[in-house]
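Participant: One structure, as structure tokens, below. Some questions next.
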Amino acid sequence: MDVRGALFAMLFLSAHPPIRLSAQDTTRAPQAVPTDSARPDSVKRHAPVRPFGAMWRSMLIPGWGQAVSGRHVTGAVFVAWEGVTAMMTLKARDEAKYLKETQSPLLKSKRQEIEDWAVLWVFNHLFAGAEAFVAAHLRDFPPDLRLRAVPGGFAIRLYLR
């Protein structure tokens with residue numbers, strides 16, 4: 001593209017629209033946000049999950065207890081690691097099968113790799129359960145704890161009511 005075309009594109013893209021969108025209209029008063037009592041019956045609020053319930057869910061399917069506790073990113077990390085460990089265990093098992101057929105001397109190390117991935121797979125279940133248990137216990141912990149970097153170290157501040 002030549003210089004004139006680039007300048008025209010910049011001017012065209014930076015031009016303001018001649019109309020104002022309704023979301024940009026500042027003359028209207030903001031509408032009231034409905035409270036919990038004004039919500040329709042179709043919106044159901046679930047009771048918070050108990051710590052043991054979250055733990056057992058995450059030990060069964062890693063990430064499930066985190067998801068019901070509202071910790072979706074943490075749950076997604078456990079689900080992703082579950083996929084990695086499962087697929088690597090299966091991949092190493094297939095490679096060991098091939099090494100056995102070819103009578104390779106590397107079979108022993110490949111079996112050790114299978115065991116390593118299987119241990120990580122089981123550890124993911126146990127750690128997900130423990131994390132869900134602790135997170136469910138700390139659900140009502142006040143967010144007033146602040147950690148801040150200061151010259152020469154860090155400072156912790158806790159506001160008590």
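The values are calculated or read from the model by the stated rules, or taken from the named source; none is laboratory data. Values in this document were obtained by computation on a predicted structure and should not be read as measured data.
Participant: Going by the conditions given, is T89 within 21 Å of the chain's Cα centre (by Cα) and of a type in the set (S, T, Y)? Please lay out each step first, then the result.
Facilitator: Working: within 21 Å of the chain's Cα centre (by Cα): no; of a type in the set (S, T, Y): yes.
No; evaluated as a whole, the condition is false for this residue.
Participant: May I pose another question? Need a quick list: helices (runs of 4 or more DSSP H) entirely within the range 64-161 having at least 2 residues that are of a type in the set (G, A, S) and either at pLDDT 90 or above or on the phi > 0 side of the Ramachandran plot (or both).
Facilitator: Those helices (runs of 4 or more DSSP H) span 72-101, 107-137.
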